[in-house]
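J.: Starting off with a structure, shown below.
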Amino acid sequence: MEFKSKIKTIEWVDNYSKMVDQTVIPYEYKFVNIKTGEDMFHAIKDMIVRGAPAIGIAGAHGVTLFAQEGENKFTNVEEFKSWLIEKAEYMKTSRPTAVNLMWACQKQIDLIKNSNSNIQGIIKELIQNSIKLENEDIEINRKIGDYGAEVVPKGATILTHCNAGALATVGYGTALGVVRSAYAKDNTIQVFADETRPRQQGARITTFELAMDGIPVTLITDGMCSYFMSKGMIDMVVVGADRIAANGDTANKIGTYTVAIAAKYHNIPFYIAAPLSTIDTSIKSGKEIPIEERSRDEVTHINGKRICAEGVNIINPGFDVTPHELIAGIITEKGILRPDYVKSIADAFVKDKID
Ligand code: MRU
């Protein structure tokens, strides 16, 4: 049985980008239309759209929006191209950690460079490429889900951190794609979702989308995971990724590393679920992954209300890096990569399927 997810997070419509506004979930489920490149830059930066694969698609849409604006500014195609490539490089800087953003903007840059069309033709090609990337994202997630479902034990309780679901992708999800495919085969599985301070993607978004699809979910606070592991209540961990280095070290939402350490101590398999576009083979290890530092207000305030004394020191890294030694497998669209990751990651880029 194929699992039908109701969510489409981001899509190109006529001449603009339509996306779910993730800043208001779970109070509201509404869509916003982004119509300029600059608005897209801010939609990514301010996390109206978030999650590595989703911001990749948003970046591709953003380049397309800039291209549409350029149509009125240029008559010379070479001048249009170099202006647009600069805009695409700018779009890449809207958030620093998730490499899917740079990957998708680069896909548009390559298209611009290689196109022999006039300005209108290039815009048309960028739109077609945006839609192609959207469709591929859903396909890839389904494959990740199906490979991942093979390692989910019967009746398992799966712990996840942050939101690597339909709302972090175009649809279906990576870590939650594994959950959806596993649930289609065995409806006795369930999810434990970490709250995920400070922006509460687990509480706000993961529980919301699983409830929407009727998949059983229990919300816990971030500090509770080892307690439930020690009670034998967690069978496996599956999380998403923002950037994976060539040796398998993986950046994901802050707090993921703590979960991975706890899982190792309790002998619970810890999996990453991510498309190959999240793997950055240009960097050897996680030490080279840039970690986003976000606003202090995210820590000092909840729903606009201060929760600590004035003047307290705050540091707010958005991501941490889980060392590859703690990772049982990386679930990709080509199969599950296992240690030695230097070899299995390199193989994944040249083989059609990993056995
Ligand atoms: O800051 P966010 O909400 O964009 O962070 C999202 C995550 O860390 C996800 O786990 C990751 O992007 C994978 S999404 C499939």
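The values are calculated or read from the model by the stated rules, or taken from the named source; none is laboratory data. Keep in mind it's a predicted model, so treat the numbers as computed, not measured. Backbone-built Cβ (ideal geometry, glycine too); neighbour counts: all protein chains shown. Just so you know, the surface numbers come from the protein's heavy atoms only, side chains and all, with ligands and any DNA or RNA stripped out. Shrake-Rupley method; radii C 1.70, N 1.55, O 1.52, S 1.80 Å.
J.: For a test of the definition: using alpha carbon positions, the gyration tensor, and the 1.5 limit on a/c, classify region 187-227 as rounded, prolate or oblate.
T.: Cα axes put region 187-227 in the oblate bin.
J.: If amide hydrogens are placed 1.01 Å from N in the peptide plane, which non-local residues have theirs closer than 5 Å to the one on residue 319?
T.: Residues meeting the criterion, in which the H sits 1.01 Å from N, are 254, 292.
J.: Taking 21 Å as the cut-off for C-alpha to C-alpha distance, list the pairs among 4/45; 92/143; 81/107 that go past it.
T.: As for pairs spanning more than 21 Å Cα to Cα, those are 4/45; 92/143.
J.: Okay, next question. Show me the chymotrypsin sites (Phe, Trp or Tyr not before Pro) within region 304-355 that DSSP assigns to loop and that have at most 12 other Cβ atoms within 10 Å of their Cβ.
T.: When the chymotrypsin sites (Phe, Trp or Tyr not before Pro) of region 304-355 are filtered for loop state and at most 12 Cβ neighbours within 10 Å, 349 remain.
J.: Could you go through region 188-200 in sequence order and give the Karplus-derived ³J(HN,Hα) for each residue, using 6.51 cos²θ - 1.76 cosθ + 1.60 with θ = phi - 60°, rounded to whole Hz, and x for Gly and Pro?
T.: Going residue by residue, I get 9, 6, 8, 10, 9, 10, 5, 4, 6, 5, x, 8, 6 Hz, with x marking Gly and Pro.
J.: Per residue, what accessible area does region 201-337 have, given a 1.4 Å probe and all protein chains present, in Å²?
T.: I get 43 Å² per residue for this part.
J.: Could you check how much of the accessible area of region 178-230 is carbon and sulfur, as a whole percent, using a 1.4 Å probe?
T.: Of the solvent-accessible surface of region 178-230, carbon and sulfur hold 55 percent.
J.: Only four residue types carry charge here, +1 at the Cβ of Lys and Arg and -1 at the Cβ of Asp and Glu. Report the dipole size of the chain about the Cα centre in Debye, rounded to the nearest 20.
T.: It works out to roughly 420 debye.
J.: Further question on the same structure: Compute the long axis of helix 99-114 from its Cα atoms, compare it with the longest principal axis of the Cα atoms of the chain, and write down the angle in degrees, 0 to 90, nearest 10.
T.: For helix 99-114, the angle is close to 20 degrees.
J.: What ratio of Cα Rg to 2.2 N^0.38 Å holds for the chain?
T.: Expressed relative to 2.2 N^0.38 Å, the Cα Rg reads 0.97.
J.: I would also like to ask the following. Mind checking the per residue accessible area of region 107-185 for me, 1.4 Å probe, whole number of Å²?
T.: With all protein chains present, region 107-185 gives 36 Å² per residue.
J.: Exactly which trypsin sites (Lys or Arg not before Pro) in region 41-150 are in a DSSP loop and have at most 13 other Cβ atoms within 10 Å?
T.: Those satisfying the criteria are 73.
J.: Only Cα pairs within less than 10 Å get springs; with that Gaussian network setup on the chain, which residue of 333, 79, 134 has the largest fluctuation?
T.: Top of the fluctuation ranking is 79.
J.: Going by the alpha-carbon gyration tensor, a ≥ b ≥ c the square roots of its eigenvalues, is region 215-355 rounded (a/c under 1.5) or, if a/c is not under 1.5, prolate (a/b greater than b/c) versus oblate?
T.: Verdict is oblate for region 215-355.
J.: Let me ask something else about it. For region 174-279, what's the relative contact order in percent, using C-alpha pairs closer than 8 Å and at least 6 residues apart?
T.: 27
J.: Here is a follow-up. Roughly how many Å is it from the Cα centre of region 200-247 to that of region 103-126, as a whole number?
T.: Region 200-247 and region 103-126 have Cα centres spaced 38 Å from each other.
J.: Using only alpha carbon pairs under 8 Å that are at least six residues apart, calculate the relative contact order of region 283-333 and give it in whole percent.
T.: 41 percent.
J.: Counting other Cβ atoms within 10 Å, keep those with at most 14, restrict to DSSP loop, and tell me which trypsin sites (Lys or Arg not before Pro) in region 145-250 are left.
T.: 154, 231
J.: Here's something else I'd like to know. Would you mind telling me the share, in percent, of accessible area of region 20-79 contributed by carbon and sulfur at probe 1.4 angstrom?
T.: Here carbon and sulfur together make up 48 percent of the probe-accessible area.
J.: Sticking with this structure for a sec: Report residue 308's accessible area, 1.4 Å probe, all protein chains in place, as a number in Å² to the nearest 10.
T.: Accessible surface of residue 308 is approximately 40 Å².
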